[in-house]
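The values are calculated or read from the model by the stated rules, or taken from the named source; none is laboratory data. In this text, all values refer to a predicted model and were calculated from it rather than measured experimentally. When we count neighbours, we look across all protein chains shown, and the Cβ atoms used for this are built from the backbone with ideal geometry, even at glycine. These area figures cover heavy atoms from the full protein model, side chains too; ligands, DNA and RNA do not enter into them. Shrake-Rupley method; radii C 1.70, N 1.55, O 1.52, S 1.80 Å.
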Amino acid sequence: MAKTRTSYVCQACGAVTQRWQGRCDACGEWNMIIEEAGDSGIGARAVPSRRKGRIFALTGLGEKEHVPPPRLLTGMSELDRVTGGGFVPGSVLLLGGEPGIGKSTLLIQACAALANAGHRVAYISGEEAVAQVRLRAERLGLGGSAVELASETGVEDIVATLGEGRKPALVVIDSIQTMWSDAIEAAPGTVSQVRGSAQTLIRFAKTLGAVVILVGHVTKDGQIAGPRVVEHMVDAVISFEGESGRAFRILRAVKNRFGPTDEIGVFEMTGRGLAEVANPSALFLSGRDAATPGAAVFAGMEGTRPLLVEIQALVAPSSLGTPRRAVVGWDTSRLAMIVAVLEAHANVRLGQYDLYLNVAGGLRINEPAADLAAAAALVSSLSGVSLPVDRVFFGEIALSGAVRPVAHALARLREAAKLGFSSAVLPPSAQEKAEGTKPREKKPVQEAAPSGLTLTPCGHIGAIVGAILKESRNSEKSTPKSSAPR
Ligand code: TYD
Ligand code: MG
């Protein structure tokens, strides 16, 4: 008879070692390895099966005898956008986020919306009692909806119960960390249990064609047995983010087998739950003071939607040998590149200064198109010259100092005009093609752009630096600091 084995599993990354270690070799985390009974984890020995394999039928890719069922739309457009146009029946989603961010609130709202549309919807909470969930739903004004509630943690029981009666369209499991399976010896909450329970629930979703949403708590330092190990098993990973102390929340697809991953959904936490924010630009720009040096508005895109956001820079003389470079919401290496390009091609000396760059409102920008706005904010802070409040920037900066065109120029300009901006600094060749038109109907952006907007094409980083400094000389309000370029 085989000896009962124990393995040591890292609760942060799921790596398995043969003996206990203080630090995981795979991910470098400390105090994350715990002993788990049974041969578990990645690399576990498969239990030999006595059963002979079953013969199943294969279908050709081109055969269309099976029409996929329509996607499930919640009617919450911000949520539907992030899922890529509704939930795909039979798919499993992982909704990750820090505790208290509003995952349960979002899901009970989505459940109620689908239940009201006549679907069978079940919300299984492993954390709260049924009364608590009911109380929350009542506070959200959803008390009358037909969502089926239960407070359960055994996955076998959940699967057996929901397999009875009418097929559920949506099952929410809140949260996967509280679930446990009889088949696994490890304690609830461990990586083995999380992975095993997820596997059972995924099989349930696929066989029944129900949508299963798994909630997963992630802490900033990854202290809880991570839903990370579940990420590769599910069809979509959606993260719910937000800053403590700020009311808005961003829903973002990190992985999606059935849709794009660059869409975001914006919500605001109100006294009556999460409200959709249809015009996020207005939200991210609200509370902007009058012109201050170091602030530039970036006309960005999140997926298919334009989004204006303020980029703030602070350039301050450094007392350190190696000046500090701190970035929030942007990429540190991207900042280093912009600084190098400004030094090399625009004669802007930033070497002796601490640099701080912040994307307002807690948003995270991944687009290279933000380069121009970041550069403008840096030069503005260094020289003490405020940029006009009604101006937007976009464009990618090449290492040569050239400003390169970016996609969706027209959509960015339209959004800027809609929000009352009157001028835009953009890459020169953005003028040659207009987005949203057929190749034959290409129009210069200049022609297609909203009439209220003055466009300033900028081909080189030196030109924008020169323009900002010229404005300072014209206004004579403030004198550039010593190392500002001429
Ligand atoms: P919750 O959905 O329980 O978070 P999670 O499931 O991600 O842990 O949300 C908890 C927070 O949301 C809590 O701090 C209170 C706040 N909240 C509101 O501000 N308004 C509301 O209507 C609700 C239901 C919650
Ligand atoms: Mg919760």
Practice problem: With respect to residue 152, determine if the residue is open to solvent by 20 Å² or more (accessible area, probe 1.4 Å), in the same structural domain as residue 232 (by TED's automatic domain parsing) and within 24 Å of residue 217 (Cβ to Cβ). | Solution: yes
Practice problem: Output yes when any residue across the stretch 142-149 is small (Gly, Ala, Ser), modelled with pLDDT under 90 and open to solvent by less than 20 Å² (accessible area, probe 1.4 Å), and no when none is. | Solution: no
Self-check item: Members of the stretch 161-176 found to be open to solvent by 70 Å² or more (accessible area, probe 1.4 Å) and either outside any loop (DSSP other than H, G, I, E, B) or within 16 Å of ligand 2 (Cβ to nearest atom) (or both), listed by number
Solution: 161
Quiz item: Is it true that some residue in the stretch 106-117 is under 22 Å from the mean Cα position of the chain (by Cα), assigned to a strand (DSSP E or B) and within 13 Å of ligand 2 (Cβ to nearest atom)?
Solution: no
Quiz prompt | Residue count for the stretch 293-307, restricted to those that are assigned to a strand (DSSP E or B) and under 17 Å from residue 380 (Cβ atoms) | solution = 6
Exercise. Could you pull out the residue among 130, 82, 147 that is away from ligand 2 (no atom under 16 Å from the Cβ) and of a type outside the set (Ser, Thr, Tyr)?
Key: 82
Exercise. Determine whether residue 72 is within 16 Å of ligand 2 (Cβ to nearest atom), in contact with a Gly (Cβ under 9 Å, 6 or more places away or on another chain) and closer than 19 Å to residue 234 by Cβ.
Key: no
Practice problem: Might you check whether a residue that is open to solvent by 30 Å² or more (accessible area, probe 1.4 Å), at pLDDT 80 or above and in a strand (DSSP E or B) occurs anywhere in the stretch 277-292? | Solution: no
Quiz item: Is the stretch 128-148 home to any residue that is part of a strand (DSSP E or B) and among the charged types (D, E, K, R)?
Solution: yes
Quiz item: Taking the stretch 293-326, which residues are open to solvent by less than 70 Å² (accessible area, probe 1.4 Å) and of a type in the set (Gly, Ala, Ser)?
Solution: 294, 295, 296, 299, 300, 303, 313, 316, 318, 326
Quiz item: Taking the stretch 67-105, which residues are part of a loop (DSSP other than H, G, I, E, B), within 14 Å of ligand 1 (Cβ to nearest atom) and open to solvent by less than 30 Å² (accessible area, probe 1.4 Å)?
Solution: 101, 102
Practice problem: Among the residues of the stretch 227-273, count how many are within 16 Å of ligand 1 (Cβ to nearest atom), open to solvent by 10 Å² or more (accessible area, probe 1.4 Å) and either closer than 17 Å to residue 75 by Cα or among the charged types (D, E, K, R) (or both). | Solution: 7
Practice problem: Test each condition in (1) in a helix (DSSP H, G or I); (2) closer than 18 Å to residue 463 by Cα; (3) more than 22 Å from the chain's Cα centre (by Cα) for residue 413 and report the one that comes out false. | Solution: (2)
